Each structure stands twice: as C-alpha cells, then as structure tokens.
Amino acid sequence: MRVWRELSHLSVARTRNKHYHKGRRHFSLGLLHFLGMLVFTQNYFSLLELPEQFMVDEAALASHYRQLQKRVHPDKFASHTEQEQRLAVQFSAHVNQAYSCLRSPLKRAVYLLELRGLKGQFAQMTIGDSAFLLQQMQLREDLMDLRAAPNRLAALEKLQQQAQAMSASIQAEFQVQFNAGHLELAQQHVAKLHFIDKFLADLHQLEDQLLDEV
C-alpha cells in the first residue's frame with residue numbers, strides 16, 4: 001500500500017545514495033520529515049489505508065497494520081541517529097494506537113464522531129432510551145443472580161452471549177445513524193456501547209475469578 005511502499009522507496013534511495021555519509025545529517029532530517037508527514041498528518045483510517053467508515057475489514061486492518069509496523073518499527077532504525085531512533089519509537093507507538101482504536105468498535109465509533117467535531121464524555125451521557133435502560137437494569141440483576149447460580153460458568157456464558165448480541169445490534173444502529181448524518185442519535189448509541197463494554201469487562205473479570213476457583 002502507499003505508506004509502506006513509499007517507505008520502501010525511501011529505504012532503497014538511502015542505500016543507493018553515494019553521498020549518504022557526507023550528507024547524513026541532511027538525509028536524516030529529510031527522513032524524519034518524511035516519516036512525520038506519512039504517519040502523523042493522516043487520520044487513523046488513512047494511515048492504515050481503510051475507508052473512513054464504521055464497519056472495517058478486520059483482516060485488511062490487521063494486514064495493513066503488520067506491514068506498516070514492519071516499516072516503522074524502531075529496530076529498523078538501529079543504525080540511525082539517536083533523534084531518528086526516538087522518533088521511530090514515537091512513530092511505532094502512533095501506529096499501535098491507530099490499530100488499537102480501529103480494531104475496537106467502541107473506540108472506532110468515538111473516533112469517527114471526533115473526526116466530525118464531536119468530542120465529549122460519551123460514557124457519562126444520559127441515555128434517553130427507556131427500553132435500553134430496562135435492559136441495562138436486567139443485565140445487572142442477572143449478574144447478581146449469577147453469583148448464586150448452581151452452574152455459574154454456564155450462566156455466565158449465556159449472559160455473555162446476550163450482551164454480545166446487544167452490542168452487535170447497537171453497532172448496527174450506530175452505523176445507520178452515523179451514515180445518515182444523525183450524529184446526535186449516533187452519540188446515544190456510543191453511550192450504550194460504553195455500558196455494554198463495561199458490562200462485558202465485568203463478566204470477563206468474574207469469569208477469571210470463577211476459573212481460579214475451579
């Protein structure tokens with residue numbers, strides 16, 4: 001793809017440059033500028049060469065991430081100046097951050113809203129959907145009851161499946177509202193995803209506890 005193809009061309013040019021040792025400092029500054037332009041000036045979707053949309057091709061995301069990370073990994077700059085090595089660490093961390101964001105439906109949804117100029121504490125946003133609030137209360141009650149269930153692991157797995165199905169439904173609703181430009185409604189779905197993600201994290205923590213007791 002374009003980003004790592006350009007980096008490959010730059011690496012070849014460096015090797016072939018017969019004036020490299022004489023002009024190392026100038027080349028280093030050019031390399032730093034080039035990497036910064038490629039990595040830091042693009043949003044996460046552009047950086048990982050994906051369409052700017054909620055649903056992503058997870059295989060393409062992982063593939064593009066691996067190829068780009070190979071190009072900007074600090075090990076590639078072991079023989080470069082200390083300044084280049086420090087920046088290579090920053091570049092690599094930025095690529096990691098982009099990948100972490102886009103592979104998470106919640107983080108990806110928040111990021112898309114931020115790209116549209118909407119920034120806020122979505123987790124603390126008041127949810128006006130009374131049906132969802134009732135579902136939220138029921139899930140929490142089921143979680144409390146689970147601790148006294150005769151087969152807690154089986155009950156936990158069932159609750160996980162229920163929460164994951166709710167998450168998938170909310171993600172689909174977010175995509176519809178976001179694509180239609182209804183950003184205020186899309187924010188409501190992000191708030192819902194925050195609750196579901198927290199609930200699934202609590203289930204995962206409880207699962208670890210139960211497995212330790214086995």
Show the residue pairs meeting these rules: Cβ distance below 7 Å; 6+ apart or different chains; first residue within segment 113-135 and assigned by TED's automatic domain parsing to the domain that holds ASN179; second residue surrounded by 10 or more Cβ atoms within 10 Å (Cβ to Cβ) and part of a loop (DSSP other than H, G, I, E, B).
LEU133/ILE127
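Within segment 81-195, which helices (runs of 4 or more DSSP H) (wholly inside it) include 3 or more residues that are within 26 Å of ALA60 (Cα to Cα)? Can you show your working first?
On the way: elements: 82-103, 105-115, 130-146, 152-179.
Here the list reads 82-103, 105-115, 152-179.
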Restricting to segment 48-61, and then to whatever is part of a helix (DSSP H, G or I) and in contact (Cβ under 8 Å) with a residue 24 or more places away in the chain, can you tell me which residue is surrounded by the fewest Cβ atoms within 10 Å (Cβ to Cβ)?
GLU58
Check segment 180-201 and report whether any residue there is out of contact with any helix residue (DSSP H, G or I) (no Cβ under 9 Å at 6 or more places or on another chain) and closer than 26 Å to LEU47 by Cβ.
yes
Pairs where the first residue, in segment 78-102, is touching a residue at least 40 places away in the same chain (Cβ under 8 Å) and the second is hydrophobic (A, V, I, L, M, F, W, C) and loosely packed, with under 15 Cβ neighbours inside 10 Å, C-beta under 7 Å, 6+ apart:
HIS94/PHE40
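The values are calculated or read from the model by the stated rules, or taken from the named source; none is laboratory data. Note that this is a predicted model, so its numbers are computed, not measured. FYI the Cβ positions are ideal-geometry reconstructions off the backbone, even for glycines, and counts take in every protein chain you see.
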